[in-house]
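Working notes, beginning with the structure itself.
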């Protein structure tokens with residue numbers, strides 16, 4: 001397996017290892033994402049996909065290996081510092097603040113606000129108010145784009161599972177990301193919402209946002225992604241175009257069950 005077009009790589013991770021006790025969950029894994037792409041990550045249950053996501057976003061630290069994002073190493077950074085660099089992630093089970101409204105969930109994601117500094121609240125009161133207005137307008141615009149604007153003042157805990165996934169992705173957009181790591185965006189979502197989520201991903205990608213997607217729904221992966229990586233037992237099994245993956249005998253045997 002080779003990584004091509006290295007000059008256009010937005011994310012490159014290599015020689016990643018992670019063990020939990022005596023179990024090696026990720027074993028010399030590597031992955032890359034081209035700038036402007038929608039890239040897929042698949043593999044059977046227990047293959048190490050979510051652990052790899054956790055390593056890329058430093059929710060857990062690798063035992064070995066490095067992660068380069070936008071030309072700079074990010075594996076030494078805290079997860080919130082990685083988000084500030086433009087690499088954000090979602091979770092397999094959408095994480096929302098249930099007792100806050102949908103709009104409040106969105107506004108919490110806004111980065112580098114002047115009002116975060118108590119002194120600046122007093123010294124730059126007008127600037128703080130202007131930023132608050134702009135952030136609210138941006139949040140409502142994004143919510144409208146995903147069909148959640150009518151839910152803006154509802155508690156996030158009242159949303160359906162699919163709507164929570166949309167909110168989590170919409171909240172990620174508030175950070176002006178370069179890359180979004182999506183962990184099973186279609187899991188537990190009805191077919192209508194799956195189509196909507198896929199359409200949104202394509203639209204956001206056309207606006208310049210890159211995606212790395214874990215997904216068990218093969219229709220979603222094969223229709224969205226230009227390149228797919230396959231993990232099995234924590235290590236790389238294959239990578240290639242959707243057509244190459246569908247015709248790869250090792251993948252068919254280990255994952256697709258042929």
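Within the listed set 231, 41, 107, the Gaussian network model of the chain (springs between alpha-carbon atoms below 10 Å) gives the highest mean-square fluctuation for 107. Mind checking which of 97, 56, 23 has the largest fluctuation in a GNM of the chain, springs on alpha carbons under 10 Å? The residue that fluctuates most here is 23. The helix-based estimate of mean residue ellipticity at 222 nm for the chain, built from -39,500 (n - 2.57) per DSSP H run of four or more residues and divided by its residue count, is -10000 deg cm²/dmol to the nearest 500. Our summary gives the range 142-226 a relative contact order of 30 percent, counting only alpha carbon pairs under 8 angstrom and 6 or more residues apart.
For the chain, modelled as a GNM with alpha-carbon contacts under 10 angstrom, which of 62, 191, 73 fluctuates the most? Highest fluctuation of the listed residues: 191. To the nearest ten degrees, helix 161-173 and the longest principal axis of the Cα atoms of the chain are 80 degrees apart. The residue 78 and residue 14 beta-carbon pair, evaluated with R₀ = 25 Å, returns a calculated FRET efficiency of approximately 0.75.
Relative contact order of the chain: 27 percent, from C-alpha pairs under 8 Å at least 6 residues apart in sequence.
Enter the Cα centre distance for the pair the range 153-217 and the range 61-99, rounded to the nearest angstrom. Their Cα centres are 17 Å away from one another. Peptides 236-243, 153-160, 213-220 ranked from most to least packed give 213-220, 236-243, 153-160, packing being the mean of other C-beta atoms within 10 angstrom over each peptide's residues. Give me the angle, in degrees from 0 to 90, between the Cα long axis of helix 125-145 and the longest principal axis of the Cα atoms of the chain, rounded to the nearest 10. On a 0 to 90 degree scale, this one is about 50.
Using 1/(1 + (r/R0)^6) with R0 = 30 angstrom and r between the beta carbons of residue 154 and residue 216, what's the FRET efficiency to the nearest 0.05? The pair residue 154/residue 216 has a calculated efficiency of 0.50. Highest mean packing comes first when the peptides 203-210, 10-17 are listed by Cβ atoms within 10 Å, giving 10-17, 203-210. Of the peptides 89-96, 47-54, 247-254, the order by per-residue mean of other Cβ atoms within 10 Å, starting with the highest, comes out as 47-54, 89-96, 247-254.
Listing 222, 106 from fewest to most neighbouring C-beta atoms within 10 Å gives 222, 106. Site pair residue 100 and residue 59 shows an inter-label distance of 1.7 nm when each label is modelled 7 Å from Cα along Cα→Cβ. The angle separating the long axis of helix 191-206 from the principal Cα axis of greatest extent in the chain is about 80 degrees. Distance between the pseudo-spin-label points of residue 244 and residue 126 (7 Å out from Cα toward the beta carbon): 5.8 nm.
When DSSP beta bridges are restricted to pairs lying wholly in the chain, around 60% turn out antiparallel. I want to verify the translational diffusion coefficient of the chain in µm²/s; compute it with Stokes-Einstein, Rh as the Kirkwood radius over Cα pairs, at 4 °C and 1.567 mPa s. Answer, rounded: 67 µm²/s.
Read the figures in this text as sums done on the coordinates, not as results from a lab. What you see is a predicted model; the values in this text were computed from it and never measured. Neighbour counts are summed over all protein chains in view; Cβ atoms, including those assigned to glycine, are modelled from backbone coordinates with ideal geometry.
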